[in-house]
Amino acid sequence: MAVILGLESSCDETAAALVTGDRRILAHKLAGQEERHRPYGGVVPEIAARAHAEKMTPLVEAVFAEAGCSLSDVDAIAATAGPGLIGGVMVGLVTGKALSLASGKPLIAVNHLEGHALSPRLVDENLDFPYLLLLVSGGHCQILRVNGVGRYERLATTIDDAAGEAFDKTAKLLGLGFPGGPAVEKAARDGDSAAVPLPRPLAGSKEPHFSFAGLKSAVLRASDSGNYSAQDIAASFQQAVVDCLRDRLEFALKNTERLPALVVAGGVAANGAVRAMLEEVAAARDMRFVAPPLWLCTDNAAMIGWAGAERFALGMTDPLDIAARPRWPLDETAAPARGAGVKA
Ligand code: KG4
Ligand code: ZN
């Protein structure tokens, strides 16, 4: 069975993993950089790229040591080639190219979003194509029909902020710390989700897309008013995001042919309230609900190795002169959403 080395460095997690074509994770390692970015309240691209350059090679050595094998036992090297912070992407991709050149094993340039999109298939061998995917991360918020490896139909995207970005900005505003998603979820546990009146942008809209920028401004106003606790704002904000996700998902479900499974992926899929809502939506429509375990939702290299394994099985490898891409939509044919010049 094919063994794939996966490398991830598109944002603020440096990661390496060894994954097999029959869904075994032989080893996976991850080095976060939260401490280095915390003073700035967000990811600083230059700091991220330098940290990836420090950590990537030791992590590769560590996964080989853990799995008790070496580069010669690998069948292909899969590295994230975008989208993401370009300095970081280049560290992982160039490492992948160097290992490919040294070993003579093929390189597979993986779209980070495809890593998220296929990750549920790593843990669920019964999840067949096509499926409906809600991809909710720090940089993206999309609904996709996943027809096969490399075959994605985008049904909706955000016209401004991504859902994870809204969590991160809310956390910063409320002084809850970094990274924002888990901090907001934690604060929300002690708050009242009905305490603060917040909008549900684009809910009920006849266009399929998401919007979260208005929500962020409303959170800022609520915070400035001094009338609410940070816990109540966090809980009300989280509920508003859940409501927006549900509304847009139901719109997509109503407007597409019925699919057997509803799947969620990306960092925001680690949120308990989001998962509970999705489970409910799926159950109401008699769809199977598939969500990767929490560690596989946020950025990691096992999902990149798995996307590599899926591609390798189909003979999809890439030349060594392939470029790193800061932007790389999964569905290159999708029309840009209104105002979404940068995030589509
Ligand atoms: O997929 P991911 O690790 O990186 C990107 O590709 O963007 O997603 C990171 C995003 C961040 O915005 C983070 O705040 C959010 O996922 N996130 C969460 C939770 N855990 C991570 N958002 C809400 N609740 C969580 N528990
Ligand atoms: Zn991601």
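Got a sec? Which of 76, 51 is over 19 Å from residue 137 (Cα atoms), of a type outside the set (S, T, N, Q), within 16 Å of ligand 1 (Cβ to nearest atom) and buried (at least 21 other Cβ atoms within 10 Å of the Cβ)? Selected residue: 51, the only one of 76, 51 that is over 19 Å from residue 137 (Cα atoms), of a type outside the set (S, T, N, Q), within 16 Å of ligand 1 (Cβ to nearest atom) and buried (at least 21 other Cβ atoms within 10 Å of the Cβ).
Every residue, every condition in (1) outside the structural domain of residue 40 (by TED's automatic domain parsing); (2) more than 11 Å from ligand 1 (Cβ to nearest atom); (3) surrounded by fewer than 22 Cβ atoms within 10 Å (Cβ to Cβ), yes or no:
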site: 142; (1), (2), (3): yes, yes, no
site: 150; (1), (2), (3): yes, yes, yes
site: 183; (1), (2), (3): yes, no, yes
site: 190; (1), (2), (3): yes, yes, yes
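Residue pairs whose Cβ atoms lie under 7 Å apart, separated by 6 or more positions or on different chains, with the first residue in segment 298-314 and without any contact (Cβ under 8 Å) to a residue 24 or more places away in the chain and the second away from ligand 1 (no atom under 15 Å from the Cβ), do not occur.
Residue check: is residue 98 out of contact with any His (no Cβ under 7 Å at 6 or more places or on another chain), under 20 Å from residue 55 (Cα atoms) and part of a strand (DSSP E or B)? Criteria not met by residue 98. Select from segment 105-140 the residues that are farther than 27 Å from residue 184 by Cβ and within 16 Å of ligand 1 (Cβ to nearest atom) and list them in ascending order. Matches in segment 105-140: 110, 111, 114, 118, 122. Annotation: of all residues in segment 89-112 being under 16 Å from the mean Cα position of the chain (by Cα) and not hydrophobic (A, V, I, L, M, F, W, C), the one that is farthest from residue 13 (Cα to Cα) is 111. With respect to residue 256, determine if the residue is among the hydroxyl-bearing types (Ser, Thr, Tyr) and either buried (at least 22 other Cβ atoms within 10 Å of the Cβ) or under 20 Å from the mean Cα position of the chain (by Cα) (or both). No; evaluated as a whole, the condition is false for this residue.
Only one of the listed residues (50, 23) is among the basic types (Lys, Arg) and touching a residue at least 60 places away in the same chain (Cβ under 8 Å). That residue is 23.
Scanning segment 107-139 for residues that are more than 22 Å from residue 169 (Cα to Cα), in contact with an Asp or Glu (Cβ under 8 Å, 6 or more places away or on another chain) and not in a helix (DSSP H, G or I) yields 107, 108, 109. Of the residues 44, 91, 110, 3, the single one that is free of Cβ contacts under 8 Å to residues at least 12 places away in the same chain, touching a helix residue (DSSP H, G or I) at 6+ places or on another chain (Cβ under 9 Å) and under 30 Å from residue 134 (Cα atoms) is 44.
Does residue 165 qualify as being under 22 Å from residue 24 (Cβ atoms) and of a type in the set (Asp, Glu)? Spelling it out, it is not the case that residue 165 is under 22 Å from residue 24 (Cβ atoms) and of a type in the set (Asp, Glu).
The values are calculated or read from the model by the stated rules, or taken from the named source; none is laboratory data. Predicted, not measured: the structure shown is a model, and the values here were computed from it. Cβ: placed from backbone, ideal geometry, glycine included. Neighbour counts: every protein chain shown.
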